[in-house]
Amino acid sequence: MAVTRHQTRRDVVRGAVAVAAAALACPAPAQGTARIAVIGGGFGGAACARALRRLDAKLQVTLIEPNKTFTAGPFSNEVIAGLRELSVQQFSYDKVAADGITIVAQAASKVDAQARSITLADGTTLSYDRLVLAPGIDMHFGALPGYDEPAAEKMPHAWKAGEQTMLLRRQLEAMDDGGLVVIAVPAAPLRCPPAPYERASLIAHYLKANKPKSKILLLDAKDNYSQQKLFEKAWAELYPGMIERIALSQGGRVTSVDPATNEIVTDFGNYTAAVANVIPPQRAGRIAEIAGAADHTGWCPIDPVSFASKLVPNVHVIGDAAIAGGIPKSASAAAAQGRACAAAIVNALAGKAPETPRLDGACYNTVAPGYAFSLKGIYQPKEDQYAEAEVTTSPVDAPREIRQREADQAVEWFKTITGDAFG
């Protein structure tokens, strides 16, 4: 058992006893014969499944994902703004299956951790030796008064790429010139923290070209956000007077919505939108709660070295669903966690301690065609969570040729991350 510097002697003894008890109750299968199930076929789940097979081709790996096509979230804001078609965001699981991974195109409806079995939507059960949960996020409907699933058909969140993305695009296209677009931004944690501000930028690009009398209002439940100075400089340069943001301390927190009137209510005012993009509070995908891996926050506590659930034995949680400290909920972070989790599982099956991960991540934000900036980080476990080891952000005063270069790099990054997961 590896002992990290922040563990006390009592922690080590308690942990050793727990590990020994678990080993007696659930003896590990012989190396190479283990059945590994992965629930969720996003960047994290697909990366984990493929890494498991590449690390040990004898493993029986099953990927459980009801959607036969994956629709990528990164770059979906460009779809909303009419700069990209949804089809280029969509990927099949054919190459994943070609790696020898069994694809089960059904939803998981139940996880029995004691029996180590998964019940599928059609009632079929699958057994596993280790389970990886990569369910992404679900909207926390009901957390914002007035906002539920029917409301999302009138006030789309577009926070899961697909039909909601196209619904928001169609609403913008149908809006009269001079209309007000309101974007409601929730408090953290949320998937891809800078994405609401990228979205505001690209919608402004669309409006500037097509409906120049229109405005965008950001109602924000936060005072500060990632890469704020970069966004604000870009807005002043590209979209002067088009984007207004009301922060938390200014009364920007949305307290309720009325989909019948498109009214959005805050602590200090009411706003009626021509187009309302309401991004509600979020939580781990529903199957995480069903499996018992989510705590009272709605997210999943994990051991940051092995990604093992702190609540359920023989279960690991990766990606947006996990409570992972300083590492953002993003596509690149999920993929990195998937690969690291796979390595930890293979080591565990071989009776080896997991290696301490060093995860890298990148987040590109496009504010106009040919104008992007980025945040790149390296994250390591520290005091039972992930912390930033190194972070590099684009300079605020970079010339336009640097912004163009980063826009080109963003395109290449998207090709790489989707190719690694699905290509």
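Give the shape of the stretch 235-301 as rounded, prolate or oblate, defined through the alpha-carbon gyration tensor: a ≥ b ≥ c are the square roots of its eigenvalues, a/c under 1.5 means rounded, and otherwise the shape is prolate if a/b is larger than b/c and oblate if not. Verdict is prolate for the stretch 235-301. Taking a ≥ b ≥ c as the square roots of the eigenvalues of the Cα gyration tensor, the stretch 218-261 is classed as oblate, since a/c reaches at least 1.5 and a/b does not exceed b/c. For the chain, the dipole from Cβ point charges (+1 on Lys and Arg, -1 on Asp and Glu) about the Cα centre works out to 880 debye, to the nearest 20. For the stretch 142-280, build the charge dipole from Cβ charges (+1 Lys, Arg; -1 Asp, Glu) around the Cα centre, then report which of 256, 158, 144 sits farthest towards its positive end. The residue sitting farthest along the positive end of the dipole is 158. Across the chain, the mean sequence separation of Cα contacts (distance under 8 Å, 6 or more residues apart), normalised by length, yields a relative contact order of 18 percent. Placing unit charges on the Cβ atoms only, positive for Lys and Arg and negative for Asp and Glu, gives the stretch 142-280 a dipole magnitude near 400 debye about its Cα centre. Considering only 279, 241, 190, and ranking their Cα positions along the charge dipole of the stretch 142-280 that arises from unit charges at the beta-carbon of Lys, Arg, Asp and Glu, the one farthest toward the positive end is 241. Given the pairs 213/415; 68/154; 110/415; 211/329; 222/382, which are separated by over 30 angstrom at their Cα positions? Distance filter (> 30 Å) returns 213/415; 110/415; 211/329. About its Cα centre, the stretch 72-180 has a charge dipole of approximately 320 debye under the convention of +1 per Lys or Arg Cβ and -1 per Asp or Glu Cβ, with nothing else charged.
Taking a Cβ cut-off of under 15 Å around residue 127, the surrounding Lys, Arg, Asp and Glu residues balance to a net charge of +2, with basic ones at +1 and acidic ones at -1. Bridging of residue 229 to lysines at a Cα separation below 18 Å is possible for 376, once same-chain residues fewer than 8 apart are set aside. Computed from backbone phi with θ = phi - 60° and the Karplus coefficients 6.51, -1.76 and 1.60, the 3J(HN,Hα) list for the stretch 73-80 is x, x, 6, 5, 5, 5, 5, 4 Hz; x is used for glycine and proline. Comparing Cα centroids, the stretch 311-362 and the stretch 118-158 end up 21 angstrom apart. A simple rule links phi to the HN-Hα coupling: the Karplus curve 6.51 cos²θ - 1.76 cosθ + 1.60 with θ = phi - 60°, which for the stretch 290-307 gives 4, 6, x, 8, 9, 9, 5, 7, x, 10, 10, x, 9, 7, x, 7, 9, 6 Hz, with x for Gly and Pro.
Phi angles across the stretch 59-65 convert, under the Karplus curve 6.51 cos²θ - 1.76 cosθ + 1.60 with θ = phi - 60°, into 3J(HN,Hα) values of 5, 8, 10, 10, 9, 9, 8 Hz, Gly and Pro given as x. Partners of residue 58 within straight-line reach, counting lysines whose Cα lies under 24 Å from its Cα and excluding those fewer than 8 residues away in the same chain: 95, 352. Take every DSSP beta bridge whose two residues both sit in the chain; close to 55 percent of them are antiparallel.
Readers should treat all values here as calculations from the given coordinates under stated rules, not as data from a laboratory. Only a predicted model underlies this, so the values are computations on that prediction, with no experimental measurement involved. Note that we place each Cβ from the backbone using ideal geometry, even for glycine, and neighbour counts take in every protein chain shown.
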